[in-house]
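The values are calculated or read from the model by the stated rules, or taken from the named source; none is laboratory data. A quick note: this is a predicted structure, and the numbers were derived from the prediction, not measured. Here Cβ is always computed from backbone atoms with ideal geometry, including for glycine, and neighbour counts include all displayed protein chains.
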Amino acid sequence: MTAPALRFGLTLLFAATVPAANGPNAHAVARPVAAAPRYDLRGEVIALTPDGNGLIVHHEEIPGYMPAMTMEFLLQGAKAADFREGQKIRARMYESTPGEFKLEDIRTESPGPASALKSGIEHNALAAPGERAPEFQLLNQLGEKVPLERYRGQRIILNFIFTRCPVAAMCPAATARMISLQRLAAARNIKDFQLLSISLDPVHDTPEVLRAYAETRGVDPVNFQFLTGSEATVRRLLAQFGVIAEPSENIWKHTLATVLIDRDGRIRQRVEGANWDPEVFLRLLP
Ligand SMILES: [Cu+2]
């Protein structure tokens with residue numbers, strides 16, 4: 001392990017294990033914010049955090065301090081709402097309290113080459129409400145073939161996730177919202193709809209992996225399927241739905257979107273990110 005990686009690992013360890021400022025590592029907790037060293041950061045906004053107070057940023061290596069990674073930041077002197085998925089930023093980052101990182105002096109980079117994340121969203125025509133949802137055939141978590149036509153006449157709420165997602169505010173939050181949507185709908189006796197979560201990491205997310213993921217989270221399989229398929233099929237669907245997933249450090253950096261497909265196969269509603277209110281969809285499922 002290199003020295004910078006070791007140092008960062010220890011920082012996170014302290015954050016997880018030191019409960020109060022009077023512990024054995026009190027020097028780290030009590031360190032004044034003003035004294036925290038600042039580091040220049042370049043990265044790309046992947047999403048706003050679900051609470052709207054921060055950004056999930058995929059940043060480049062910060063030499064001597066931290067390897068490239070995707071992580072959450074609070075903001076100093078800026079609001080998350082000022083930023084968009086896919087924006088390239090430069091900022092100064094610091095550890096405001098152990099394990100909590102902030103960005104200040106954030107500048108969005110001048111036009112330059114268009115970000116793949118941003119241009120992919122903007123140039124996708126099929127993802128918009130009113131458009132016809134693309135056809136597909138995938139496998140569910142039981143290994144059964146699931147053609148989209150199976151659900152013609154029902155409403156479908158569809159998103160893309162991957163089971164290894166390490167960013168709590170991304171796929172885990174999106175899946176938690178899908179589950180709460182399923183439970184709220186059941187409590188209100190709303191029927192004739194399907195929740196579909198397609199893996200954007202199909203090589204890893206086999207039906208068996210998806211089944212374990214669903215069961216661990218208590219998903220009722222009656223109307224919530226996790227789907228996977230060939231790499232080519234999934235990449236095509238991602239493009240057609242305007243969701244971007246790029247390989248990064250053996251996982252995926254990606255955007256999130258959730259769409260409601262109506263009984264006639266047209267996209268009725270689309271919400272970006274993981275931070276959506278289940279009521280946005282429930283009120284369209286009478
Ligand atoms: Cu994710």
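Of all residues being over 15 Å from Val259 (Cα atoms) and not hydroxyl-bearing (Ser, Thr, Tyr) in region 153-164, which is nearest to the ligand (Cβ to nearest atom)? Just the residue, please. Filtering first and then ranking leaves Phe162. Consider Glu95 carefully, then state whether it is in contact with a Gly (Cβ under 6 Å, 6 or more places away or on another chain), of a type in the set (D, E, K, R) and crowded, with 18+ Cβ neighbours inside 10 Å. When the stated conditions are applied, Glu95 does not pass them.
Note on region 212-238: residues that are surrounded by 15 or more Cβ atoms within 10 Å (Cβ to Cβ) and closer than 18 Å to Glu135 by Cβ total 8.
Could we say that Val222 is free of Cβ contacts under 8 Å to residues at least 12 places away in the same chain and away from the ligand (no atom under 16 Å from the Cβ) here? Spelling it out, Val222 is indeed free of Cβ contacts under 8 Å to residues at least 12 places away in the same chain and away from the ligand (no atom under 16 Å from the Cβ). When region 236-257 is filtered for residues that are away from the ligand (no atom under 14 Å from the Cβ) and within 24 Å of Trp276 (Cα to Cα), the ones remaining, listed by number, are Leu237, Ala239, Gln240, Phe241, Gly242. If the condition is being surrounded by 16 or more Cβ atoms within 10 Å (Cβ to Cβ) and either touching a residue at least 24 places away in the same chain (Cβ under 8 Å) or more than 16 Å from the ligand (Cβ to nearest atom) (or both), then region 271-286 contributes Glu272, Gly273, Ala274, Asn275, Trp276, Pro278, Phe281, Leu282, Leu285. Just to be sure before I move on: is Glu149 away from the ligand (no atom under 16 Å from the Cβ), acidic (Asp, Glu), out of contact with any strand residue (DSSP E or B) (no Cβ under 8 Å at 6 or more places or on another chain) and closer than 24 Å to Asp264 by Cα in the structure I sent? Spelling it out, Glu149 is indeed away from the ligand (no atom under 16 Å from the Cβ), acidic (Asp, Glu), out of contact with any strand residue (DSSP E or B) (no Cβ under 8 Å at 6 or more places or on another chain) and closer than 24 Å to Asp264 by Cα.
From the list Val167, Val209, the one residue that fits, being within 16 Å of the ligand (Cβ to nearest atom), farther than 20 Å from Val259 by Cβ, surrounded by 13 or more Cβ atoms within 10 Å (Cβ to Cβ) and at pLDDT 95 or above, is Val209.
Based on what the data block shows, is Leu181 in contact with a strand residue (DSSP E or B) (Cβ under 9 Å, 6 or more places away or on another chain), hydrophobic (A, V, I, L, M, F, W, C) and farther than 30 Å from Ile46 by Cα? It is false that Leu181 is in contact with a strand residue (DSSP E or B) (Cβ under 9 Å, 6 or more places away or on another chain), hydrophobic (A, V, I, L, M, F, W, C) and farther than 30 Å from Ile46 by Cα. Screening Ala186 with (1) free of Cβ contacts under 8 Å to residues at least 40 places away in the same chain; (2) aliphatic (A, V, I, L, M); (3) within 16 Å of the ligand (Cβ to nearest atom) gives one miss only, at (3).
In this structure, Leu138 does not satisfy being surrounded by 19 or more Cβ atoms within 10 Å (Cβ to Cβ), touching a residue at least 60 places away in the same chain (Cβ under 8 Å), away from the ligand (no atom under 13 Å from the Cβ) and within 19 Å of the chain's Cα centre (by Cα).
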